[in-house]
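These notes concern the structure reproduced below.
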Amino acid sequence: MEAVSEDSLSELMDESTPIQADVTRLERVRQATQPIVARLVRPILASRNWLSQLSLHPPRTVRNATVSSRLSPWLAPIVYPLGHRIVLPAYFSHIKVVGQEHLPTTGPVILAPTHRSRWDAILVPFAAGKHVTGRHLRFMVTADEVTGVQGWFIRRLGGFPIDTKRPGISSLRHGIDLLEAGEMLVIFPEGNIFRDPYINPLKPGLARLALQAETLKPGSQIQIVPMHLQYSDPQVPCRTAVRIEIGPPLSVSQYMTGHSKQDARSLTADLTQALQTLNDRALGSAPEAAYTAPQH
C-alpha cells in the first residue's frame, strides 16, 4: 500500500464540497440507524455477560479470598466407614498401624504425616480418625488437589486449600482458627507427594503456623504428631501392604523463646528428626503384617 503524501492530502482538502456532502449524508444515515443498532447490540452484550459467569475458566480470585471448611453431617459418616471397612481391605493386602497410643484425644493437634501417595488421605483417618480419637480430621491440602470431583469431596470432609508456593493469609488464618478451636489438623510437611524412601526437606509453614497459633492463644498446648507411611510398592498397586507408624508428639510451647525465625527452624529440625527416626525404623520392618481392623 502506497503512503499518502502531503500533496495528496492537500488535493483532497481542496475538494471540500463533495466530501462535505458525503459526510452530511453519512451522518443522517448514522443517526437513523443508531437506535436500531443499539436495540440489536444490547441483548448480545447481555448474553456475553451471562456466558462469562458460566465460563469453564472463571476469573481468578484474589489470593487472600476467604477460606473456609466444613464437615458434611451426612457425608463424613458414610465415606469414612465405607473406606475403612470396604475400600481399604479390598485394595490393600495388609495394613499395620503402630503407635496409636501417642495420639492426643483432646486439645489442638497437628498431624504431620509423610506424603507418599494419594491414598494417604484415606489411610491417615484410618489410623488416627474419629474411630480412634473421637474427633474428625481437618486437612490442609494443596490447591491443585481441591478441584473436580475430588475437590467436592475434600471440601465437604473438612479439607481446605492452600497455595504451597504463595500461601494466602486466609488459608493460614483458617488453619490457626481450627487449632484455636481445639481441632485435629492434618498438614503434610513435605508439601508434595514423594515416592522415594527418604524424608524430604520440610516446608517451614507448619512450624510457623503452629508457633503463631500458640502465640495468639497462649497456653493452648498445641502438639505436633509425626506420622510415617510406608508402602511395600511405591507405585501403590492393588494388594500393596502398608505400615503406618505414629511417633510421640512435640509440644509447640517448648519452642517459644521469643525469636520466631529461630523457633521455627528449631521446631522444623526436630520434626524432621522425628520423621527420620520413624523412617529408619520402617526401613528395618516389613509392612506385611496382619490387617488391623478399625477400633470402634
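The values are calculated or read from the model by the stated rules, or taken from the named source; none is laboratory data. Only a predicted model underlies this, so the values are computations on that prediction, with no experimental measurement involved. Backbone-built Cβ (ideal geometry, glycine too); neighbour counts: all protein chains shown. The area values use the complete protein model at the heavy-atom level, side chains included, leaving out ligands, DNA and RNA. Shrake-Rupley method; radii C 1.70, N 1.55, O 1.52, S 1.80 Å.
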Query raised in the report: Once phi is turned into θ = phi - 60°, what whole-Hz ³J(HN,Hα) does the Karplus curve with 6.51, -1.76 and 1.60 give for every residue of segment 181-188, x standing for Gly and Pro?
Result: 8, x, 7, 9, 10, 9, 10, 7
Query raised in the report: If amide H atoms are built 1.01 Å from N in the plane of the peptide, which residues on other chains or at least 5 residues away come under 5 Å of the amide H of V98?
Result: I244, E245, I246
**Report entry** Violating pairs (Cα-Cα greater than 26 angstrom) within the set K96/K165; K217/K261; K96/K217
**Finding:** K96/K165; K96/K217
Query - Under-5 Å amide H pairs with L137, H placed in peptide plane, nonlocal only - result: K130
Requested in this report: Could you give the size of the charge dipole of segment 141-204 about its Cα centre, using +1 on the Cβ of each K and R and -1 on the Cβ of each D and E, expressed in debye and rounded to the nearest 20?
Outcome: 140
Requested in this report: Roll a 1.4 angstrom probe over the protein heavy atoms and tell me the percent of accessible area of segment 75-192 that is carbon or sulfur.
Outcome: 60
**Report entry** Proximal charge balance of L216 [Cβ under 14 Å; K/R count +1, D/E count -1]
**Finding:** 0
**Report entry** Which of K130, K261, K96, K165 is most accessible, then next, and so on - probe 1.4 Å
**Finding:** K165, K261, K130, K96
